[in-house]
Amino acid sequence: MIGPGTGVRVYLACGVTDMRKGIAGLAALTQDVLRQKPTSGAVFAFRGRRGDRIKLLFWDGQGFCLYYKVLERGRFPWPSAKDGAVRLTSAQLAMLWEGIDWRRPDWGAPPARVG
């Protein structure tokens, strides 16, 4: 994914977001609902009602970047609306973007020892 590097702060807006919102609408949600400054350099993640699409809002120092992804199959893992906002690591954001459940990644069992 082109965008912010490692170590960036990531805020996930719990619950459902109207995916018709563009940069201005998502920046307003960032400020009003998440209580964060949209131009802080953090990444703000929003998911639609069906769960198959997310938008990431990011200020790169010159302007806003809006990333949008729609899964062909499955849903993006997301906390319930009662959780408010969740802070993720950049590694968890990478898993989320790939559709991997960042809450319970399946790293598999360690290889069996022979001998």
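Considering the zone a paramagnetic label at R20 would reach in this model (a point 7 Å from Cα along the Cα-to-Cβ line), which residues of the range 30-59 have amide N under 16 Å from it? Counting backbone N atoms under 16 Å from the label point, the list is 48-50. The listed peptides 57-65, 9-17, 22-30, ordered by packing as a protection proxy, come out as 9-17, 22-30, 57-65 (highest mean of other Cβ atoms within 10 Å first).
Bear in mind that the values in this text are calculations on the coordinates, not laboratory data. Everything numeric in this text was worked out from a predicted model, so none of it was measured. Cβ atoms come from the backbone with ideal geometry, glycine included; neighbour counts cover every protein chain shown.
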